[in-house]
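The values are calculated or read from the model by the stated rules, or taken from the named source; none is laboratory data. Predicted, not measured: the structure shown is a model, and the values here were computed from it. When we count neighbours, we look across all protein chains shown, and the Cβ atoms used for this are built from the backbone with ideal geometry, even at glycine.
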Amino acid sequence: MKLTYNRENTDDVLLVTLRKTDTPSYEYLDGVTVIKDGKETIGLNIFNAGERIQLPEDVNIKPSEAMVGEINNILSEAGADKIEADITPKFVAGRVVELQQHPDSQKLSVTKVDVGSEVLQIVCGAPNVEENQLVVVAKTGAVMPDGLYIKPSALRGVESEGMICSAKELNLEDDGVKGIYVLDDSYEIGQPFDVK
């Protein structure tokens, strides 16, 4: 779940992104636009949000159970179905515990990355990925700063459950490194990583 509120540029509208689709449909209700993929709600535009929900000053708002509850109250009042949102951190520090050459590509690696609660298999194309690095992982369900939705996929026949991120993909200042963004040892495995 991604919550964006930029009053300066988008007026008083809270943008709620649950996931992306190539074929959205829109339902216009009282003060809310519900964005759907088939029957599934995948996003919302909540108008006059500042008058209806207590919102922090941040453009990117960290989701909470309380915020989801307030959004669901607005949806109920508008006659729309409530949403279920996974608010667990989607960007976390992970350690590359295994690295192998992709069986069908010279430029891809197959990694195993410990993210604390599980070990994910992630196919990575970065030239600088190495075993034992501490990296930023976008887990399944993450919405990247550019709007890309991370979902399980297969790259040249190998399953991948997330993405090891570069500074550019994380919307960070260019660190001059070609490839993934490597964290220092001040981060712990599984620690949430704040993405703007």
Fill in: Cβ pairs under 8 Å, 6+ apart, first in segment 52-81 and assigned by TED's automatic domain parsing to the domain that holds VAL32 and under 12 Å from GLY31 (Cβ atoms), second aliphatic (A, V, I, L, M) and assigned to a helix (DSSP H, G or I)
ARG52/ILE74; ILE53/MET67; ILE53/ILE71; ILE53/ILE74
Worksheet item: If you scan segment 28-38, which residues turn out to be under 22 Å from the mean Cα position of the chain (by Cα) and either at negative phi or β-branched (Val, Ile, Thr) (or both)?
Response: THR33, VAL34, ILE35, LYS36, ASP37
Practice prompt. Determine if segment 168-175 includes at least one residue that is assigned to a loop (DSSP other than H, G, I, E, B), among the acidic types (Asp, Glu) and either touching a His at 6+ places or on another chain (Cβ under 7 Å) or crowded, with 17+ Cβ neighbours inside 10 Å (or both).
Written response: yes
Response to the item:
When every residue in segment 1-27 that is of a type in the set (Val, Ile, Thr), surrounded by 12 or more Cβ atoms within 10 Å (Cβ to Cβ) and at pLDDT 90 or above is compared, the one nearest to the chain's Cα centre (by Cα) is VAL16
Discussion item. Restricting to segment 180-196, give me the number of residues that are surrounded by 15 or more Cβ atoms within 10 Å (Cβ to Cβ) and either in a loop (DSSP other than H, G, I, E, B) or assigned by TED's automatic domain parsing to the domain that holds LYS62 (or both).
Written reply: 9
